[in-house]
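The values are calculated or read from the model by the stated rules, or taken from the named source; none is laboratory data. This structure is a prediction, so every number in the text was calculated from the model and none was measured. Glycine gets a Cβ as well: all are built from the backbone with ideal geometry, and neighbour counts include every protein chain shown. Keep in mind that these areas ignore ligands, DNA and RNA; they rest on the heavy atoms of the full protein, side chains included. Shrake-Rupley method; radii C 1.70, N 1.55, O 1.52, S 1.80 Å.
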Amino acid sequence: MIRISNLIFEYTDGEEKNRVLNGIDLTIREGESIGLMGPNGSGKTTLARCLNGLLLPTEGEVFVDDMNTNEAARISEIRRLVGMVFQNPENQIVSTTVEREIAFGLENLGVDYEQMHEIVDKMLEQFDLQKYRNHPPHLLSGGEMQRLALASVMAMSPRYLIFDEPTSLLDLASRKSLLSIISEFYEEKRTGDKSKISTLFITQYPEETLTFDRLLVLNQGQIVLDDKPAVIFQKVEELKDIGLEVPAEFEVNHYLKKLSDGKLSLNTSDFLPIP
Ligand SMILES: Nc1ncnc2c1ncn2[C@@H]1O[C@H](COP(=O)(O)OP(=O)(O)O)[C@@H](O)[C@H]1O
Ligand SMILES: [Mg+2]
């Protein structure tokens, strides 16, 4: 479980303080899948970085399985438990081949040679990267590179996975392929096979969050909504007011209902595809 209590985070620049997270209380339970949306600059990335101790709270606390991210002695264990996948995988990749990239974190953990090979082979297979085993990572496509970033994180058997807009630089086909791999984790979870992995998935695409257990909406450093995605997306106007999109189906439903309730009048020109 990750438990955040009254988290306040300020960036400081000399005398100047910029409060970006303003009193976050949040629990991420075992096996939970959670989406996180919020307008640009609302503090999503800052929150993500607080979860594995890349950033430390200005006030309040973050506990990962009862380890406080403020305890320096626990930070490497926390980093192993909380895997991060970022928007731009290139910034995350450090090795000269795909295989070495997956092995990198395991080497650092001191995993023995045989076990390391076993894990690397498994990851190459699971993420459909076998044919690139000896390729330099920078020759991969954006989608393949993102799969490699995820494979490298998964090799460490994290308990929590934090995705910070991993699909935002991908084309539609690569987005689909990444999302289908990620949803396999939940499938395994549901069928009880394996991991109790918990995910926090930050995205600007509302439809990507529909299958999650919960959706959080962050605005100006505070969690303003926390509910099932299908419940949150009923609040079309509230979401639009803070600058968020809702899946098209919810939007159409909302306006059709208003129309039939006589609360909205439209004229034909509203439907013409001219801006
Ligand atoms: N390294 C940094 N130093 C100073 N200010 C930052 C830094 N990173 C982000 N900020 C500021 O914090 C606010 C929230 O940023 P961020 O957490 O990246 O939001 P989001 O991911 O929701 O777009 C923004 O106003 C941004 O300018
Ligand atoms: Mg961000």
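A few notes on this one:
- In this structure, residue 81 does not qualify as within 16 Å of ligand 1 (Cβ to nearest atom) and closer than 26 Å to residue 148 by Cβ.
- Residue ID - nearest to residue 47 (Cα to Cα), chosen from residues in the range 10-24 that are open to solvent by 100 Å² or more (accessible area, probe 1.4 Å) and not in a loop (DSSP other than H, G, I, E, B): 19
- Condition met for residue 86 (within 16 Å of ligand 2 (Cβ to nearest atom), in contact (Cβ under 8 Å) with a residue 60 or more places away in the chain and aromatic (Phe, Trp, Tyr)): yes
- In the range 156-179 there is at least one residue that is assigned to a helix (DSSP H, G or I), among the basic types (Lys, Arg) and either under 23 Å from residue 3 (Cα atoms) or open to solvent by 60 Å² or more (accessible area, probe 1.4 Å) (or both).
- Output for the range 25-49, where each listed residue is in a strand (DSSP E or B) and more than 15 Å from ligand 2 (Cβ to nearest atom): 25, 26, 27, 28, 33, 34
- Any hit, the range 37-44, residues being open to solvent by 50 Å² or more (accessible area, probe 1.4 Å) and either under 19 Å from residue 156 (Cβ atoms) or out of contact with any Cys (no Cβ under 7 Å at 6 or more places or on another chain) (or both): yes
- The number of residues in the range 27-36 that are closer than 8 Å to residue 216 by Cβ and either of a type in the set (Val, Ile, Thr) or open to solvent by 10 Å² or more (accessible area, probe 1.4 Å) (or both) comes to 1.
- Taken residue by residue, the range 71-78 has at least one member that is among the hydroxyl-bearing types (Ser, Thr, Tyr) and more than 13 Å from ligand 2 (Cβ to nearest atom).
- Selection within the range 50-70 - more than 16 Å from ligand 2 (Cβ to nearest atom), on the phi < 0 side of the Ramachandran plot and without any contact (Cβ under 8 Å) to a residue 40 or more places away in the chain: 56, 67, 68, 69, 70
- Against the numbered list (1) near ligand 1 (Cβ under 9 Å from one of its atoms); (2) aliphatic (A, V, I, L, M); (3) free of Cβ contacts under 8 Å to residues at least 60 places away in the same chain, residue 7 comes up short only at (1).
- Cβ pairs under 7 Å, 6+ apart, first in the range 29-48 and under 18 Å from residue 242 (Cα atoms), second part of a helix (DSSP H, G or I) and more than 10 Å from ligand 2 (Cβ to nearest atom): 35/209; 35/229; 37/206; 37/209
- Scanning the range 223-250 for residues that are open to solvent by 40 Å² or more (accessible area, probe 1.4 Å) and assigned to a helix (DSSP H, G or I) turns up 230, 231, 237, 238, 240, 241, 248, 249, 250.
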